[in-house]
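Encoded as structure tokens, the structure appears first; notes follow it.
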Amino acid sequence: MTAIIGPIVSYTHKSERHLKYMDRHLEKCKIEAPIRILACVHSTRNLSAMITLLEISNATRKSPVTVFAVHLVELAGRASAMLIFHDKDKTADTGHTCSREKAEAEQIVSAFESFEDNNHGATVKPLTAVSPYATMHEDVNHFALDKIANIILIPFHRRSDPVGGWTEENVQHKLVNQNLLATSPCSIGLLVDRGLTSFAEAQKGTQQECRIAMLFVEGADDREALAYAWRMAGTPSVTLSVIRFVPGKDGSEFMENSGDNEEEPDIFTAMFERETQKQLDDDYINQFRFKTMHDQSIAYVEIQVNSGDQIVSAISSEFYDFDLYVVGRGHGSTSQLTAGLSTWSEFPELGVMGETLISMNLETPASVLVVQQSHPVSSGSKKFTSNSSKDVFGNKGVPAFVNHRKSVD
């Protein structure tokens, strides 16, 4: 009986934890509902843009935001990760124990605590996760699942240079991002910083607006991206433009004809799934339009297009002057409207629209937030099998986190 009941209880417990996420997607939450964000940074270079994104996430007393600020640190020279607790009130060590890594960690913690002090609706719990890059995503997933996070925010592995190009970052960070996108138990946002930091600095001295554009094509990822952008629109000095691309006459005919090329058993399944997603898209868009019809900071427009080239043309000619673009990654589905844009891809983790935006030659390169809505029930069974972490008692499967504050709820 002991041999049988043990695995059954363990499986049931994990299933129940995954089921909690069915209603934790931002799409399912009310805009004013409290949310929990797991914000990850690798170094101080990711810090300003991430904090700026949190600042425009509309943390108020009526819609509070709990931020688990995780500093991701590589664990080298050990077979398993560590779990270390730090007392915030203790005086920092001096002399030979001080290191560049420790100073950077303290700077990151201090920055997030300053964000909390300046935002009365935000509660920040800074942590440091120490684990090998190969299993770092599993530790992050464990913590997101344990804390029932609504969304994980991660920085893009590259950052822009002053002339509009790119500086190569640690390729291991790209691996971590790809693993998180493939296994995350909750929604995830990948932030490409191309000047979002400058907005935060300018905002301190002026009332400069942060102009956000949400580009909606179709699918669950786009609905999740719209939900996050909708929440950000509640922040003072933030304006939101939602641009929905809908198929024109030629595009509709192409989408109908494309279904004839599929295998016979899959035709009806694909058609049913396409119609289901379209109905969900229409319902959510209609809900958004109804609730924001009197909000002067939000604009909505529909653009008829027949191809990806027309989407690029519309962005270049009409929707090119924004500080931040929010798009869905579009994983697990293909849209006929953007099919022509996906023939070549250097950064598949950004999705078709995300990679298109960072490759466009806009007058002012804008930051991009790529959002993916995960499906934990279907994919959760293969996520949390790592034995890479041990707690102070030697138990395996516990993520390695350094607590810089008294406790984590």
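The values are calculated or read from the model by the stated rules, or taken from the named source; none is laboratory data. Small disclaimer: the values here were computed from a predicted structure and weren't measured. Counting neighbours? That spans all protein chains shown, and the Cβs are built from the backbone with ideal geometry, glycine included. Accessible surface is based on the protein model in full, side chains and every heavy atom, while ligands, DNA and RNA are left aside. Shrake-Rupley method; radii C 1.70, N 1.55, O 1.52, S 1.80 Å.
Region 95-185 holds helices (runs of 4 or more DSSP H) entirely within its bounds, and those carrying 3 or more residues that are charged (D, E, K, R) map to 100-118, 136-146. What number of residues within region 330-342 satisfy the criterion of being open to solvent by less than 50 Å² (accessible area, probe 1.4 Å) and either hydroxyl-bearing (Ser, Thr, Tyr) or touching a strand residue (DSSP E or B) at 6+ places or on another chain (Cβ under 7 Å) (or both)? Qualifying residue count, region 330-342: 3. Considering only region 308-320, state which residues are open to solvent by less than 40 Å² (accessible area, probe 1.4 Å) and either part of a loop (DSSP other than H, G, I, E, B) or of a type in the set (S, T, N, Q) (or both). Within region 308-320, just Phe319 meets the criteria.
The residue pairs whose first member lies in region 102-122 and is farther than 15 Å from His42 by Cβ, whose second member is part of a helix (DSSP H, G or I) and open to solvent by 30 Å² or more (accessible area, probe 1.4 Å), and whose beta carbons are closer than 9 Å, counting only pairs six or more residues apart or on different chains, are Phe115/Glu55; Asn118/Glu55; Asn119/Glu55; Ala122/Glu55; Ala122/Glu116.
Selection of region 144-194 for residues being at pLDDT 90 or above, more than 17 Å from Met50 (Cα to Cα), among the small types (Gly, Ala, Ser) and out of contact with any Cys (no Cβ under 7 Å at 6 or more places or on another chain) yields Ala182, Ser184. Restricting Val327, Val301 to residues that are touching a Gly at 6+ places or on another chain (Cβ under 9 Å), hydrophobic (A, V, I, L, M, F, W, C) and open to solvent by less than 80 Å² (accessible area, probe 1.4 Å) narrows the list to Val327. When residues in region 27-69 are screened for being open to solvent by less than 10 Å² (accessible area, probe 1.4 Å) and either of a type in the set (Phe, Trp, Tyr) or not in a helix (DSSP H, G or I) (or both), 13 of them pass.
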